[in-house]
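I have placed the structure first, in the form of C-alpha cells, so that the comments after it can refer back to it.
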There are 2 protein chains.
Amino acid sequence: MPTSVKSVLPVVLLGCGGVGRHLLHHIVSCRPLHAKQGVAIQVVGVGDSSSLLVADDVHSGHCQLFKNPEASGKVIEAATTLGRSTGLVLVDCSATYDTVGLLKAAVDHGCCIALANKKPLTGAYEDFEKLVSNFRRIRFESTVGAGLPVIASVTRIIASGDPISRIVSSLSGTLGYVMSELEDGKKFSEVVKTAKSLGYTEPDPRDDLGGMDVARKVGSLYPSELGPDAMSTKDFLESGVAQLDKSMEERVKAASLKGNVLRYVCEIRSTGCQVGIRELPKNSALGRLRGSDNVVEIYSRCYESSPLVIQGAGAGNDTTAAGVLADILDLQDLFQKMA
Amino acid sequence: MPTSVKSVLPVVLLGCGGVGRHLLHHIVSCRPLHAKQGVAIQVVGVGDSSSLLVADDVHSGHCQLFKNPEASGKVIEAATTLGRSTGLVLVDCSATYDTVGLLKAAVDHGCCIALANKKPLTGAYEDFEKLVSNFRRIRFESTVGAGLPVIASVTRIIASGDPISRIVSSLSGTLGYVMSELEDGKKFSEVVKTAKSLGYTEPDPRDDLGGMDVARKVGSLYPSELGPDAMSTKDFLESGVAQLDKSMEERVKAASLKGNVLRYVCEIRSTGCQVGIRELPKNSALGRLRGSDNVVEIYSRCYESSPLVIQGAGAGNDTTAAGVLADILDLQDLFQKMA
Ligand SMILES: NC(=O)c1ccc[n+]([C@@H]2O[C@H](COP(=O)([O-])OP(=O)(O)OC[C@H]3O[C@@H](n4cnc5c(N)ncnc54)[C@H](OP(=O)(O)O)[C@@H]3O)[C@@H](O)[C@H]2O)c1
Ligand SMILES: NC(=O)c1ccc[n+]([C@@H]2O[C@H](COP(=O)([O-])OP(=O)(O)OC[C@H]3O[C@@H](n4cnc5c(N)ncnc54)[C@H](OP(=O)(O)O)[C@@H]3O)[C@@H](O)[C@H]2O)c1
C-alpha cells in the first residue's frame, strides 16, 4: 500500500525572504499531494541572519527561538542527529555567503542540501568541491534560471554518459529584452529607458548593462566614462546612454546584413566561459528569443546539430521556490523506506 | 567517503533491439562515471520475445539461457528476491504490449520500472493505474520525445504544487517538418515527397500523415478516399497527394493573413486532448519551429503568460537509450545505502 508508507523528511530552512516564504507556503499547500505519494516534508527549523526558530514538538506546534551563535549550533545539532538516520535537508534561500560553513558541516554529517542561493557554490573553489562531493545529495536547480529545469536536464545528460560540448544561454531577462528590442530599429537609449519604466532593470540600469548578474568576467555594455564613478544614474539616463545609440545601431545593422542578430549570451565550453554580445543566426533558439525569457541551448553527442533548448521565465519568487521544492522531493527519494 | 560507498542496482532488460543495445552500450561505457558517484548498474538479465539470458555469476560472466514460458518465471523470481532488498529495475525497451504482465508483477514485488516502450502505459487504464501506483518508482521519460526532459520537467512542476493548465506540443518530427516547409509556399505534395526522400517518413508516408504515432484520436491529413484501402503507396505519391495541394495552400494563406502558421499539434487540457492541424501565432515557440525538432510548451501558474518550452531532437536510439539510463540513475537514489 504505497500511500500509507509515510516517509517523513525533516527540513531546516535558512533564509525566509521572498523565496523562503513562498517555499514554506508551497510546502504546506502541497501536503495532500505529497501524502498521496507517501511523502511528508516537515520543517523543523527556520532561520534568518540573526536567529533560528526550532520546532520542539511538531505536533503541539511548540517552538523555541535561538539567537546566533547558538542558532548555528542548533542547526549542526539537528544535522548530527538526523543526517544519517531519517535524513535532513538544509535549504538555503538566503542571499549570503555566510551560510557556507553550516552547509559544509551538514555535508559532513550526511545531510542533503538544496540551494536557491548561488553564493556558496560560486565563492571558494574548495567550498564548491566540498558541497558537490556527494553529488546525488545536493540540488541547486533554482540557482540558474529560477525554476527552469536546466540543472536537472544537464545532470540527466551527464548521468547518461552523453558528453556536453557547450552550453549557450541568455540568462538575463533584462539584457534579453534589450537585445531583442534593438532588432526592430529602436534606439538603444530608448530601449533601456523603456526597460527601466517596465520595472525590468535595477534602479540603476547599469547594474544590468554591466552584466555582473550573469558572471564575474563580463563584457559590459557601457564604457567606464559612462560608469557609476563618472556620472549619476540620472545623467546616464538623460545624456550618457544616448552616446551609445550610434555604435549599437551599427552593430545591429552589420549583424543583420549577415542574417544575424545581436544577443547578450554566456557560452560555456571545455576551454572556458565567455560572456558578452554575440552575433547569432536569426533562426537559432537564442536568435528567435523575444522579451525577457531565459533560454539555454545544450549541445552534446545526442543534441549535436540541433541543441536541447529550455526556455521560460527565469525569475520570480514563486517559480524559484517551486524549483527548490521539486529539488527537496527528489532528495526525498534517498530516504524512502522500502515498502 | 562517498566514492567508496558502492550501491549496486540490478537491472533486467526486456527488449534488445535498437534502443536496448544502445542502453547496454551506455551502461558499460558509463561505469567509470557512475563509480565516481558511488553507483553501479548491473545487468542481471536480458530478454527478447522468446528467451531470457540470465547472468548466473556476474564476476565469471557465466550465463544461462531460458526459453519462454520459463523465461518469464525467471524474471518474476528475480523480482521476488531483489525487489524489496537491493532493489531491481525492470527496463522495457521492447515495442510490445506483451510485457505488461511482467511489469505489473514487478510492481507488486516492490521493483522499479523504466520504460522506453509506451504500450504498457497506453493500453488498459487499469494497467496504467497499477504501473504508476507508486509514482516515485516508475520512470518513462523516453516514451515521450525520446530523451527530451519532458516527463522529468512535468513531474517536477507537479511535485512543487504548480498546477499545469495545458500542454501544447509538436511531437512528430515528420509532421513538424512538413508543416514548417509549407510556410515557404512549397506544395504539400512536394514537401511530402522530399520528407520521404530524406528518410523522415515511414515507407508509406500516410502512416505519418494519419497521425497515428501522436495519439489514437487524431485528425488525419488525408481523406479516406486517398487511404491505404483505396490506393497503393505508389499511387498516393504519384497522384493522390497532389489532390491535397490546393486546399492546404488555401489554409496556409488564410492563416498567414492573420499572422499565424499551421502546425500539427497535440493539446492537453483538463477537459481532454486534441490532436490535429491548428493555427498558431508565428511568434510562439511552436510557430517558430522549423525542421524536425520536437517541441513542448507547458503552461502553469509559474509559466502562465510565457510557457516553459522544451525543444530538441525527439527520436534516435542513442538519445532514447540515454533517457532510459538517466531514469535508471534517478531510481537508483531509492536504494542508496546511507554513508
Ligand atoms: N527571487 C528570484 O527571482 C530568485 C531567482 C533565483 C535565485 N534567487 C536566489 O534566492 C535567494 C533568496 O532570494 P530572496 O529574494 O528571497 O532574498 P531576500 O528576500 O533578500 O531574503 C533573504 C533572506 O535570507 C536571510 N539571511 C541573511 N543572512 C542569513 C544567514 N546568515 N543565515 C540565514 N538566513 C540569512 C535574510 O534574513 P534577514 O532579514 O535577517 O537579513 C532573509 O530572510 C537569493 O540567493 C537569490 O539570489 C532568487
Ligand atoms: N528509437 C527511437 O527513436 C525511439 C524513441 C522513443 C521511444 N522508442 C521506443 O523504444 C522501444 C524500443 O524501440 P526499438 O527501436 O529498439 O525497437 P526494436 O528494434 O524493434 O526492438 C524491440 C525489441 O523488443 C524485443 N521484444 C519483443 N517482444 C518482447 C517481449 N515480449 N519481451 C521482451 N522483449 C521483446 C524484440 O525481440 P525479438 O527480436 O525477439 O522480437 C527486440 O529485441 C519501442 O517501444 C519504441 O517505441 C523508440
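How large is the Kirkwood hydrodynamic radius of the stretch B:193-339, in angstrom, based on all distinct alpha carbon pairs? After inverting the pairwise mean of 1/r, the radius is 18.4 Å. The relative contact order of the stretch A:62-144 comes to 26 percent, based on Cα pairs under 8 Å that sit 6 or more residues apart. Couplings 3J(HN,Hα) of the stretch A:31-48, computed from phi: 3, x, 4, 5, 4, 4, 9, x, 10, 9, 9, 10, 7, 9, x, 9, x, 10 Hz, in residue order, whole Hz [Karplus 6.51 cos²θ - 1.76 cosθ + 1.60, θ = phi - 60°; x for Gly and Pro].
What shape does the stretch A:1-126 have by the C-alpha gyration tensor, where a ≥ b ≥ c are the square roots of the eigenvalues, rounded means a/c under 1.5, and otherwise prolate means a/b greater than b/c and oblate the rest? It comes out prolate by the Cα gyration axes. Over chain B, Cα pairs under 8 Å with separation of 6+ residues give a relative contact order of 20 percent. Shielding value for A:278-285 is 1, the average number of Cβ atoms from other chains within 10 Å of each residue's Cβ.
I want to verify a result. In a Gaussian network model of chain B, Cα cutoff 10 Å, which of these has the top mean-square fluctuation: B:ASP108, B:ASP57, B:ASP207? Looking only at B:ASP108, B:ASP57, B:ASP207, the biggest GNM fluctuation is shown by B:ASP57. Debye-formula intensities of the stretch A:74-164, expressed as log10 I(q)/I(0) at q = 0.10, 0.14, 0.25 Å⁻¹, are -0.26, -0.51, -1.30 (one equal scatterer per alpha-carbon, no solvent). Sorted from closest to farthest, the other copies place their B:GLN42 label points 3.5 nm away, with each point set 7 Å from Cα along Cα→Cβ. For chain B, the Stokes-Einstein estimate of translational diffusion at 4 °C and a viscosity of 1.567 mPa s comes to 59 µm²/s, using the Kirkwood hydrodynamic radius over alpha-carbon pairs.
Between A:ALA254, A:PRO32, A:VAL89, the Cα set farthest toward the positive side of the dipole of chain A (charges on each charged residue's Cβ, about the Cα centre) is that of A:PRO32.
At q = 0.16, 0.20 Å⁻¹, what base-10 log of I(q)/I(0) does the Debye formula yield for the stretch B:89-226 when every alpha carbon is treated as an equal point scatterer in vacuo? For the stretch B:89-226 at q = 0.16, 0.20 Å⁻¹, log10 I(q)/I(0) is -0.96, -1.20.
Once you have the Cα-Cα distance between A:SER49 and A:LYS282, take 0.36 nm times their residue separation minus that, and quote the gain in nm to one decimal.
The A:SER49-A:LYS282 span can extend by a further 79.3 nm.
Computed over the protein assembly as shown, the convex hull of the alpha-carbon atoms projects to a mean area of 32.9 nm².
Taking the centroid of alpha carbons for each part, the stretch B:64-114 and the stretch A:86-126 are 40 Å apart. For A:ASN68, the distances from its label point to the matching points in the remaining copies are 6.6 nm, ordered from shortest, with each point set 7 Å beyond Cα toward Cβ.
Taking the Cα centre of chain B as reference, the dipole from Cβ charges on Lys and Arg (+1) and Asp and Glu (-1) amounts to some 840 debye. A cut-off of 5 Å between modelled amide H atoms, ignoring neighbours fewer than 5 places along the same chain, links A:VAL39 with A:SER7.
Taking every residue in B:134-143 and counting other chain Cβ atoms within 10 Å of its Cβ, the average works out to 3. When DSSP beta bridges are restricted to pairs lying wholly in chain B, around 65% turn out antiparallel. In chain A, helical runs assigned H by DSSP with n ≥ 4 each contribute -39500 (n - 2.57); averaged across all residues and rounded to the nearest 500, the mean residue ellipticity at 222 nm is -10000 deg cm²/dmol. Across identical copies of the chain, A:LYS234 has label-point separations of 8.5 nm, listed in ascending order, with the point defined 7 angstrom from Cα along Cα→Cβ.
Would you report the distance distribution of C-alpha pairs in the stretch B:267-339 as whole percents per 5 angstrom bin, up to the bin with the largest distance? Binned Cα distances yield the sequence 3, 11, 14, 18, 16, 15, 11, 6, 3, 2, 1, 0.
Semi-axes of the equivalent ellipsoid of the stretch B:136-191 are 33, 14, 6 Å, computed as sqrt(5λ) over the eigenvalues of the C-alpha gyration tensor in descending order.
Of all DSSP-defined beta bridges confined to the protein assembly as shown, some 65% are antiparallel rather than parallel. What fraction, in whole percent, of alpha-carbon pairs in the stretch A:9-64 exceed 14 Å separation? More than 14 Å apart: 59 percent of the Cα pairs in the stretch A:9-64. Legend: Rg and Dmax of the stretch A:166-266, from Cα coordinates, 13.2, 40 Å.
Where a number appears in this text, it was derived from the coordinates with a stated rule and is not lab data. None of the values given here were measured: they were computed from a predicted structure. Glycine gets a Cβ as well: all are built from the backbone with ideal geometry, and neighbour counts include every protein chain shown.
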